[in-house]
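Single-structure report; data block below.
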Amino acid sequence: MNFMEGRNWESAKARLREYYWPTLAANYAVWPIVQAINFGFVPPIYRVPFSSIVSIFWNSFISWANAQSSSAVDVPMETAHTHVEPHRHETIDVKA
């Protein structure tokens, strides 16, 4: 995600160092409980929809956390990817 946001490798390493373990801890706090409920109490026909609904909230949380980390880590964006010049085609007049 870091590179698609136009950031450089140093920014990716800084964000990984700061946010990997807290995000992994949040993952381990949510999904074992969700799956215990899913396999323990939810009928088999509703297990996939149950996990999918929880996934919507989980992905929203991950997206929010990523947006928060983007503003918190102060590493400059890569300037080479922020502006792209349009390619200009020359017209060739072909006479038959």
Report summary line: Phe57 and Ile45 label points (each 7 Å along its Cα→Cβ direction) are spaced in nm at 2.4 nm
Requested in this report: Using amide H atoms built 1.01 Å from N in the peptide plane, name the residues 5+ places from Arg7, or on other chains, whose amide H lies under 5 Å from its own.
Outcome: Glu78
Query raised in the report: What list of ³J(HN,Hα) couplings, whole Hz, do you get for the stretch 38-44 from phi and the Karplus terms 6.51, -1.76, 1.60, once you set θ to phi - 60° and write x for glycine and proline?
Result: 4, 7, x, 10, 8, x, x
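Readers should treat all values here as calculations from the given coordinates under stated rules, not as data from a laboratory. The structure presented is a predicted model; accordingly, all values stated were derived computationally and were not measured. In this analysis, Cβ positions are derived from the backbone assuming ideal geometry, glycine residues included, and neighbour counts consider all displayed protein chains.
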